[in-house]
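Input: a single structure, listed below in C-alpha cells.
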Amino acid sequence: MATSSGNSSQIPNNSGCDEVLMVVDERKRKRMQSNRESARRSRMRKQKHLDDLMCQVTQLKKENSNILSSINMTTQQYGNVEAENSVLRAQMMELTQRLQSLNEILTYINNSNNNNINNNYYYQEDFQINPWNLMYVNQPIMASADMLYQY
C-alpha cells in the first residue's frame, strides 16, 4: 500500500505542476498577445506619423511653389517699373532741356521787348505784324516733376 500511496501522492504533484505550468503558459500567452497588440498600435502610430509628415511635406512644397511664383512675379514687376522709370527719367531730361530752351527764347524776346519799349518803338500795329512783341513782359515757363505723372 505504500506504493499506492506513493503513486497517489505523485499524481497530485504532477497535476499541481501541470496547473502551475498551465497558469504560467496562460500568462505567457496573454503577455505575448498584449505585446503583439502593443506592437500593432506602435506600428499604427508610426504609420500615422509618417502619413502626417508626408502631408506636411506636400503642403510645404505647395507653399514653396506659391512663394517662388510670387517672387518671380514681383521680380518681373520690379523690372517693368525700373524700365518705366528709366523711360520717365529720359523724358524728364528731354523736357527739362526743352524748357530751358524755351526760357532762353523768352529771355531773348523779353530783352527785345524791353529795348523796343525803352526806345518808344512799340506800336499797336507792331503787335499785328510781330505777335511776339506783346505789351507785357513774358514770364518764364515753369514745370515740376509732378507734371510728368499721369493720373
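The values are calculated or read from the model by the stated rules, or taken from the named source; none is laboratory data. Everything quoted here is computed from the prediction, not taken from an experiment. Cβ: placed from backbone, ideal geometry, glycine included. Neighbour counts: every protein chain shown. Keep in mind that these areas ignore ligands, DNA and RNA; they rest on the heavy atoms of the full protein, side chains included. Shrake-Rupley method; radii C 1.70, N 1.55, O 1.52, S 1.80 Å.
At a glance:
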{"read-out": "Residue count, segment 66-101 (criterion: more than 42 Å from the chain's Cα centre (by Cα) and open to solvent by 80 Å² or more (accessible area, probe 1.4 Å))", "value": "2"}
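Conditions tested, residue by residue: (1) touching a strand residue (DSSP E or B) at 6+ places or on another chain (Cβ under 7 Å); (2) at pLDDT 95 or above; (3) open to solvent by less than 80 Å² (accessible area, probe 1.4 Å).
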| site | (1), (2), (3) |
| --- | --- |
| GLY16 | no, no, yes |
| VAL23 | no, no, yes |
| ARG27 | no, no, no |
| ASN64 | no, yes, no |
